[in-house]
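Heads up: the structure comes next, in structure tokens.
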Amino acid sequence: MWVWIPRYEYKIDSTAKTIDVNFIEGTSTNTTAGYTLHPAFSTDIDNGGWSSDIAGFWVAKYPAGWQNGTDGEASIGTPERSSKTYQTTSANNTYDGNISTGKQMSYPVFKANTYAYNYITVGDAYTLSQDIKNASRYGLRNVDSHLQKNSEWGAVAYLAHSKYGVNGQDLIQPNDTNKNNTPTGIYAVTSPETVINTSTTQNITGVYDMSGCIWERTATFLKEGTTNYTTEMPIGSSNKYVTIYEGTWDTCNKKGDAVKETLTSGNSNNGSWNGDYSQFVNMSNPVFVRGGRFRPREWCWYLCV
């Protein structure tokens, strides 16, 4: 299940904690005075742009989940697997059995009330997400699927805080479901479709579980950080699939990523809107983590552009 995020310009009111959004038809680069074209739709690669101006992108409605992983089920059955294989071995036994180097990864689903796909490195998630465009099970055509970047996560978050979402009100509830490792390796479950208070629009048309459920690791990396979990993800310089940050909290200032633009103070570790906690990446933890969490080592949504 997918949600269309249309091209738009935005202006932030930090006092009211609202974001004014104007949709832009087609791929026009004209903007209203005082507004910024969101970089996720532009060709500004260093700020998370794409290889061409785009009219919008599709984002998965739910975090990635295990096939046949409806809440209450005890077995994954026989999943359809990608030709891509895990590059690393997990120390944990998962819903899909032991993850080991060379084992084929099972394609995820993006559905309500489904066990979240967990214990996968960001490098493996990056690789598998790009293979989605080749899988027949999704029925996709002419798309370029990839692991979500900071800019794209920010584009969804900004739209959620506009009049097309919750209009700056602190209404999006975290999904804090806890399965207590039952079945094996399962802690988080995507929201049921009827639980609309976890949706960005407070109805079934929005994106679910941007708060809670799982940590969402994006294809965004702090240059020269440890590469332990980024196998196969190119991290030398920014491209349309990966955004590279350089420097520290004080020197990084990218637009549209819901990092510094949505703080009420200058401290990266507190002062986020609605009292949310925030922390900048460092060399030991160079991959951005978004959306809150219930259990670690989860992965982010995919995009189809």
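Points to keep in mind about this one:
- Under 13 Å from the Cα of residue 179 - aspartates and glutamates, other chains or at least 8 residues apart: 71, 73
- Ordering 92, 159, 237 by Cα displacement along the dipole of the chain toward the positive end leaves 92 in first place; charges were set at the Cβ atoms of Lys, Arg (+1) and Asp, Glu (-1).
- Accessible surface computed residue by residue for the stretch 143-205, with neighbouring protein chains in place and a 1.4 Å probe, gives 39 Å² per residue.
- Reach of residue 11 by Cα under 16 Å, taken over aspartates and glutamates that are not fewer than 8 positions away in the same chain: 20, 257, 261
- Helix 150-160 vs. the chain, principal-axis angle (Cα, 0 to 90°, nearest 10): 70 degrees
- Candidate aspartates and glutamates - alpha carbon under 17 Å from residue 84, same-chain residues fewer than 8 apart omitted: 96, 124, 131, 144, 232
- Remark: the stretch 34-79 carries 36 Å² of accessible area per residue (probe radius 1.4 Å; ligands, DNA and RNA excluded).
- Residues residue 27 and residue 227, FRET efficiency given R0 of 25 Å [Cβ-Cβ distance, rounded to 0.05]: 0.10
- Taking the Cα centre of the chain as origin and assigning +1 to Lys and Arg Cβ atoms and -1 to Asp and Glu Cβ atoms, the resulting dipole is close to 400 debye.
- When each of the peptides 224-232, 283-291 is scored by the mean number of other C-beta atoms lying within 10 Å of its residues, the order from highest to lowest reads 283-291, 224-232.
- At 0.692 mPa s and 37 °C, Stokes diffusion of the stretch 1-132 via Kirkwood alpha-carbon radius, µm² per second: 187 µm²/s
- Residue of 211, 191, 83 that the Gaussian network model of the chain assigns the largest fluctuation, springs spanning Cα pairs under 10 Å: 83
- Basic side chains Lys and Arg get +1 at the Cβ, acidic Asp and Glu get -1 at the Cβ, and with that the dipole of the stretch 1-71 about its Cα centre reaches some 140 debye.
- Between helix 122-131 and the chain: long-axis angle, C-alpha atoms, 0 to 90°, nearest 10: 90 degrees
- In terms of Cα atoms, the Rg and Dmax of the chain work out to 18.3, 56 Å.
The values are calculated or read from the model by the stated rules, or taken from the named source; none is laboratory data. Quantities reported herein were computed from a predicted structural model and do not represent experimental measurements. Cβ atoms come from the backbone with ideal geometry, glycine included; neighbour counts cover every protein chain shown. Note: accessible area is taken over every heavy atom of the protein model, side chains too, but ligands, DNA and RNA are not part of it. Shrake-Rupley method; radii C 1.70, N 1.55, O 1.52, S 1.80 Å.
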